[in-house]
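Right, one structure below, let's go through it.
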Amino acid sequence: MKWKIPVALAAVFVLSVLSALYLPVEPIIRDLAAVPAIGSLLAFLFTLLREHIAHDRAIFLQQLQSSSTIGATSHMATVAFDKHVAFAEEYFNAALEAVGTLMKAGPIIGALDLARKLSVTRQKWALWVTPEINSKLETFESPIWDIGLEMIIADAGAEDAHEARAKAFQQFKQFLGIGKGGASPDEQRRAQDRIAATLQGLLGTTELTRLRSQLVKNAATTVDASEQK
C-alpha cells in the first residue's frame with residue numbers, strides 16, 4: 001500500500017526525535033539518535049517527489065492517449081485519410097498505365113498525354129495532397145513530359161531532330177531503368193515493380209497506413225482501459 005511507506009517514515013522520524021530529546025544519555029548519543037530522523041525526512045521528501053513525477057507521467061500519458069483517440073476517431077481525420085487513399089489509388093493506377101504504355105510503344109509524342117493525365121489527377125485531389133507529395137510527384141512526371149516534348153521536336157523534322165530523338169530515348173531508358181540492349185520481358189517486369197515501389201514511397205501509402213493503424217490501436221487501448229475502470 002502507498003500509505004505504508006510514509007507512515008513508517010513518520011514513525012521513524014518521531015521516535016528518533018523523541019530519543020534525541022529525552023533519552024538520559026550522553027549528548028553524543030543523542031546526536032546519533034537524531035540521525036535516523038534526518039534520513040527518514042530525506043526519504044519522505046524523496047517519496048513525495050517520486051509520487052509527483054509518477055502523477056505527472058500518468059497525466060501526460062492520458063493526454064497522449066486522448067489526442068490519439070481524437071486523431072483516430074475525428075471526422076476530419078477519417079475524411080482526410082479516405083481522400084488520400086482514393087487519390088493514391090487513382091494516381092498509382094494512372095502511373096502504372098503510363099509505364100505500361102511506354103513499355104509497349106517506346107518514346108512517343110503521346111507521352112505528353114500520359115503526363116498530362118497524371119498532372120490532372122494531382123490537381124483534382126489538390127485539397128488532399130500535401131505540398132511535399134505534390135513536389136515529389138512533379139519530379140516523377142518530369143521525364144514523361146520530356147520524352148513527349150523531345151519527340152515533338154524529332155517528328156517535326158528540324159535540324160536537331162536526331163539529337164532530340166536521342167534525348168527522348170535516353171530519358172526513356174533512364175525513367176524505366178532499361179539497359180542499352182533494350183527491355184526483355186523480365187526487365188520490363190522488374191522496371192514495373194521498381195516504379196510501383198517508388199510510387200508507394202512517393203504517395204506515402206505505407207507510412208500513412210501504418211500511422212492510421214497505430215492511432216486506431218491507441219484509441220482502442222484507451223477505450224478498453226476506460227471500460228475497465
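Okay, residues lined up against (1) in contact (Cβ under 8 Å) with a residue 40 or more places away in the chain; (2) among the hydroxyl-bearing types (Ser, Thr, Tyr); (3) in the same structural domain as residue 175 (by TED's automatic domain parsing):
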{"site": "79", "(1), (2), (3)": "no, no, yes"}
{"site": "92", "(1), (2), (3)": "yes, no, yes"}
{"site": "95", "(1), (2), (3)": "yes, no, yes"}
{"site": "118", "(1), (2), (3)": "no, no, yes"}
{"site": "121", "(1), (2), (3)": "no, yes, yes"}
{"site": "124", "(1), (2), (3)": "no, no, yes"}
{"site": "129", "(1), (2), (3)": "yes, no, yes"}
{"site": "145", "(1), (2), (3)": "no, no, yes"}
{"site": "156", "(1), (2), (3)": "no, no, yes"}
- Message: Only one of 168, 164, 111 is surrounded by 13 or more Cβ atoms within 10 Å (Cβ to Cβ), modelled with pLDDT of 90 or more, under 22 Å from residue 193 (Cβ atoms) and in the same structural domain as residue 188 (by TED's automatic domain parsing). Can you tell me which?
- Response: 111
- Selected residue (only one of 137, 208 is part of a helix (DSSP H, G or I), in contact with a helix residue (DSSP H, G or I) (Cβ under 9 Å, 6 or more places away or on another chain), at pLDDT below 90 and not polar (S, T, N, Q)): 208
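The values are calculated or read from the model by the stated rules, or taken from the named source; none is laboratory data. Small disclaimer: the values here were computed from a predicted structure and weren't measured. FYI the Cβ positions are ideal-geometry reconstructions off the backbone, even for glycines, and counts take in every protein chain you see.
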